[in-house]
Amino acid sequence: MISEIDNILSSNNDITDEGCFVGIADSSADGSFLIHYFLNSNLRKGNKVCFIGFAQSFNHYSTVAQKQGVNLNTEKENGNLVFIEGMKYLGQAICHQALGSQDTEDGKSQDPFSCLAKQCSLLPLLQYIKSRISSMTSADGKARQVLIIDNLSLLINIGVAPKEMTTFLHYLKNSLLNIDFPGQVIVLLNVIQTDEDAMFLWKYLCHSCSMTLFVSGLMSGYCRDVHGELTIKVQDGHCKPKKATTKRRQFKVMDKNVSFFASGLSSAVL
């Protein structure tokens, strides 16, 4: 899978190999294979990855990574991966809130996930993430720091305001990209046309990201041999106004691989 996606993004190596902000969205098709790609490819390159899993458990990502030849447990032990079980911790915080668990002595919970569940506030989580990222510095200082969030849609679903999410992403981007050795910020979002909050956040990502990857279903409907279409849009921030290039490919996801082809050129069609 990694080599195939590397090939489709090969013309954008100056983006993916340097500091960048990557926004991934899916609509009527599953774009999670791109999250697995960025996680495993960055670990293979020796980068330091902070991964926040709001969509799946660690075991899920570990199982997929093993198919790509990456051992997430080993990466964690070696200090290359910080995995934050966002889905687990947030679920526990919501349960504690429902059961009426008491806060700390000062009347405010110090757990960032409790603050998120109770107040829909992202500031404690922002501070928590920044502290975890700062602990990942390598001995030579040359390993790139990468933050991956899967999936922002959960935050929308629990009531976090879209404007607060854009502020949250803005500060994370500045923390990782405006340094001597720029890192990467990669986020996934589920987009539904009727969801105004999701559309607002996607428009922000389209404006702010160095690269956006949009995974959509086929307009013709379900197909066993073609799972969807990937639209790659890269913005050159050095141009005023920003200059964008777009490329589209259809794809099929398999157990350990993914294949890409131009529209109508699938082997099942020819």
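Here are the numbers:
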| read-out | value |
| --- | --- |
| Computed lengthening from LYS130 to GLU196, 0.36 nm per intervening residue step minus Cα-Cα distance | 20.9 nm |
| Accessible surface of THR167 - all protein chains present, 1.4 Å probe, nearest 10 Å² | 70 |
| Surface per residue (accessible, 1.4 Å probe) for the chain, Å² | 50 |
| Charge sum, other residues only, whose C-beta stays under 14 Å from LEU188's C-beta, Lys/Arg counted +1 and Asp/Glu -1 | -3 |
| Low-density loop positions, trypsin sites (Lys or Arg not before Pro), the range 122-216 - DSSP coil, at most 16 other Cβ in 10 Å | LYS142 |
| Amide H contacts of GLN184 (H built 1.01 Å from N, under 5 Å, at least 5 apart or other chain) | CYS20, GLN145, VAL146, LEU147 |
| Radius 15 Å from Cβ of GLY53, net charge of other residues (Lys, Arg +1; Asp, Glu -1) | 0 |
| Gain in span if fully extended, TYR222 to ASN7, counting 0.36 nm per residue against the direct Cα distance | 74.8 nm |
| Loop-located chymotrypsin sites (Phe, Trp or Tyr not before Pro) in the range 149-248 whose Cβ has at most 15 other Cβ within 10 Å (DSSP) | TYR222 |
| Stretch in the chain that is longest and holds no GluC sites (Glu not before Pro) that DSSP places in a loop and that have at most 16 other beta carbons within 10 Å | 106-270 |
| Net +/- balance of residues flanking GLY31 in space, Cβ distance below 12 Å, scoring K and R +1, D and E -1 | -4 |
| Reported label for calculated percent of Cα pairs over 27 Å apart given (1) 43; (2) 40; (3) 37 | (2) |
| Among GLN68, GLN145, GLN193: highest mean-square fluctuation, GNM of the chain, C-alpha pairs under 10 Å | GLN193 |
| Residue-by-residue Karplus 3J(HN,Hα) for the range 205-222, coefficients 6.51, -1.76, 1.60, Hz, glycine and proline x | 5, 4, 7, 9, 7, 5, 9, 10, 10, 10, 9, 10, x, 6, 5, 7, x, 5 |
| Whole-number percent relative contact order across the chain, with pairs defined as alpha carbons under 8 Å at least 6 apart | 26 |
| Gain upon complete extension [GLN119, ALA98; 0.36 nm per residue less C-alpha separation] | 6.2 nm |
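The values are calculated or read from the model by the stated rules, or taken from the named source; none is laboratory data. Keep in mind that this is a model prediction, so the values were computed, not measured. Cβ: placed from backbone, ideal geometry, glycine included. Neighbour counts: every protein chain shown. To get the accessible areas, we keep the full protein, side chains included, count just its heavy atoms, and leave off ligands, DNA and RNA. Shrake-Rupley method; radii C 1.70, N 1.55, O 1.52, S 1.80 Å.
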